[in-house]
Amino acid sequence: MTSCAEFDQIRAPARPRASLFTWILNFFHVRERRRLALKDLQRLDDRELRDIGIKRHDITAIVDREIGRLRLDEFRSRL
């Protein structure tokens, strides 16, 4: 039988930390996704934006919010 003291010594395996190179690569990947999303939405005319419920002056805020959600989802999936 296992004692409580033995359970205290059991730890979850350590996750390898992302290297600086991986972090930099991810940073540029996210920045490029943001740039492309902004470019695609800014290409739409006002009628098309209105059809999807976006005002032109809200494009940047919406893209930033959605990218933040994606990054949060990616972070949560790693836990």
Read phi for every residue in region 26-40 and hand back ³J(HN,Hα) as whole Hz from Karplus 6.51 cos²θ - 1.76 cosθ + 1.60, θ = phi - 60°, with x for Gly and Pro.
5, 4, 5, 5, 5, 4, 5, 4, 5, 4, 5, 5, 4, 4, 5
What is the order of ARG65, ARG34, fewest Cβ neighbours within 10 Å to most?
ARG65, ARG34
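Laboratory data are not the source of any read-out in this text; all were calculated from the coordinates shown. If you're wondering where the values come from, they're calculated on a predicted model, not measured in any experiment. With ideal geometry, Cβ positions are generated from the backbone for all residues, glycine too; neighbour counts draw on all protein chains shown.
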